[in-house]
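Presented below is the structure to which this report refers.
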Amino acid sequence: MKTSGNTILMTGGGSGIGEALAHRFHDRGDTVIIVGRRQDALDRAAAGRERIHTAILDVVDIAAVAAFAKQVVADFPSLNVLFNNAGIMKFEDLTTARDLADAEATLSINITGPIRLTNALIDHLTRQADAAIVTVTSGLAYVPLIAAPTYSASKAAIHSYTVSLRTQLAGKVEVIELVPPGVQTDLTPGQANRPGYMPLDAFADAVASQFAQQPTPCEILVDEVQFLRKAEREGRFDETLKTLTKRAAAQRAAGDRQ
């Protein structure tokens with residue numbers, strides 16, 4: 001991925017990781033189109049930044065994605081990077097029958113959404129020089145957080161999809177996987193101040209430094225996520241799962257007491 005001069009489409013760009021990285025890319029000379037479902041959040045994220053543009057998009061809406069892809073290519077013919085960042089995370093109790101609305105929404109936004117948007121833009125991207133697709137997964141793709149089973153499964157699915165996408169697009173479009181650890185954002189209630197999670201600015205700075213490398217790593221991994229990413233290859237998956245489960249419960253409890 002070029003280190004400046006890109007035109008980047010960033011889903012989930014109105015807050016959290018998407019907003020922070022949009023600002024980093026803007027600062028280095030990229031044009032960024034941030035998309036999301038709330039115009040007020042997008043306007044706030046774009047304020048004072050002339051090369052950040054906004055657009056409303058719900059990646060669950062099939063017709064809206066197709067129309068959006070056509071329009072964004074017309075408006076930004078130099079678009080060369082798709083950054084699939086939008087996602088939701090819900091805690092779930094699997095021990096009794098429940099309403100599956102949260103699980104179904106998670107699958108629609110976290111899996112079908114990026115696949116649908118990638119498909120809508122793939123013909124344009126394969127014709128672009130220096131094209132790239134970035135998928136945002138999670139350390140939980142490698143060791144699940146049992147309190148968020150559908151979220152963890154969705155990120156494992158997108159990791160697998162990314163491997164296939166990278167292989168099929170070799171020589172045509174660069175495919176990069178960004179694997180965050182727990183980051184202090186509003187992804188879940190109280191997470192923005194949750195002890196033990198990586199501060200958002202520190203995470204964004206570390207990620208930006210890796211995107212500045214040439215060639216860009218095919219996996220963007222900050223130090224804090226290596227504990228999860230390497231668990232299985234280092235033969236400590238079961239131990240890591242137990243540690244993660246206990247740690248996450250303690251972190252949420254500590255946050256609730258604040």
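Assessment of the range 66-73 against the conditions (of a type outside the set (A, V, I, L, M, F, W, C) and assigned to a strand (DSSP E or B)) yields no matching residue.
Any chance the range 212-219 includes a residue that's assigned to a helix (DSSP H, G or I) and at pLDDT 95 or above?
No, that holds for no residue.
In the condition set (1) touching a Gly at 6+ places or on another chain (Cβ under 9 Å); (2) buried (at least 23 other Cβ atoms within 10 Å of the Cβ); (3) not charged (D, E, K, R), Gly5 is compliant with all but (2). Annotation for the range 33-43: no member residue is touching a residue at least 60 places away in the same chain (Cβ under 8 Å), part of a loop (DSSP other than H, G, I, E, B) and of a type outside the set (S, T, N, Q).
Thr185 meets the conditions (1) in a helix (DSSP H, G or I); (2) hydroxyl-bearing (Ser, Thr, Tyr); (3) surrounded by 13 or more Cβ atoms within 10 Å (Cβ to Cβ) in every case but one. The failed one is (1).
Those residues that are outside any loop (DSSP other than H, G, I, E, B) and farther than 19 Å from Leu82 by Cα, I need them from the range 161-182; list them, please.
The answer is none; no residue qualifies.
Pairs meeting the criteria (first residue in the range 189-203 and assigned to a helix (DSSP H, G or I), second residue among the polar types (S, T, N, Q) and modelled with pLDDT under 90, beta carbons under 8 Å, at least 6 apart or on different chains) are Asn193/Gln258. For the range 16-32, a residue qualifies if it is outside any helix (DSSP H, G or I) and either at pLDDT below 95 or in contact with a strand residue (DSSP E or B) (Cβ under 9 Å, 6 or more places away or on another chain) (or both), and the qualifying residues are Asp30, Thr31, Val32.
I'd like the full set of residues that are among the β-branched types (Val, Ile, Thr) and either part of a helix (DSSP H, G or I) or surrounded by fewer than 20 Cβ atoms within 10 Å (Cβ to Cβ) (or both), limited to the range 117-136. Answer for the range 117-136, where residues must be among the β-branched types (Val, Ile, Thr) and either part of a helix (DSSP H, G or I) or surrounded by fewer than 20 Cβ atoms within 10 Å (Cβ to Cβ) (or both): Thr118, Ile122, Thr126. Of all residues in the range 143-153, one or more are among the aromatic types (Phe, Trp, Tyr), in a helix (DSSP H, G or I) and surrounded by 22 or more Cβ atoms within 10 Å (Cβ to Cβ). When Ala63 is evaluated against the numbered criteria (1) part of a helix (DSSP H, G or I); (2) touching a Phe, Trp or Tyr at 6+ places or on another chain (Cβ under 8 Å), which criterion, by number, is the only one it fails? Checking Ala63 against (1) part of a helix (DSSP H, G or I); (2) touching a Phe, Trp or Tyr at 6+ places or on another chain (Cβ under 8 Å), the one that fails is (2). Residues of the range 116-160 that are closer than 14 Å to Asn85 by Cβ and in contact with a Phe, Trp or Tyr (Cβ under 7 Å, 6 or more places away or on another chain): Val134 alone. Residues in the range 165-182 that are in contact (Cβ under 8 Å) with a residue 12 or more places away in the chain and over 17 Å from the mean Cα position of the chain (by Cα) were compared, and the one that is surrounded by the most Cβ atoms within 10 Å (Cβ to Cβ) is Val173. Taking first residues from the range 142-164 that are in contact (Cβ under 8 Å) with a residue 60 or more places away in the chain and partners that are surrounded by fewer than 21 Cβ atoms within 10 Å (Cβ to Cβ) and among the aromatic types (Phe, Trp, Tyr), the Cβ contacts under 8 Å between residues at least 6 apart in sequence or on separate chains come to Val143/Phe237; Ala147/Phe91. Taken across the range 100-116, residues that are in contact with a Leu (Cβ under 7 Å, 6 or more places away or on another chain), buried (at least 16 other Cβ atoms within 10 Å of the Cβ) and at pLDDT 95 or above do not occur at all. Residue selection: Gln251 fails the criterion of being at pLDDT 95 or above, surrounded by 15 or more Cβ atoms within 10 Å (Cβ to Cβ) and touching a Pro at 6+ places or on another chain (Cβ under 8 Å).
The values are calculated or read from the model by the stated rules, or taken from the named source; none is laboratory data. A quick note: this is a predicted structure, and the numbers were derived from the prediction, not measured. A quick note on method: Cβ atoms are made from the backbone with ideal geometry, for glycine too, and the neighbour counts reach across all protein chains shown.
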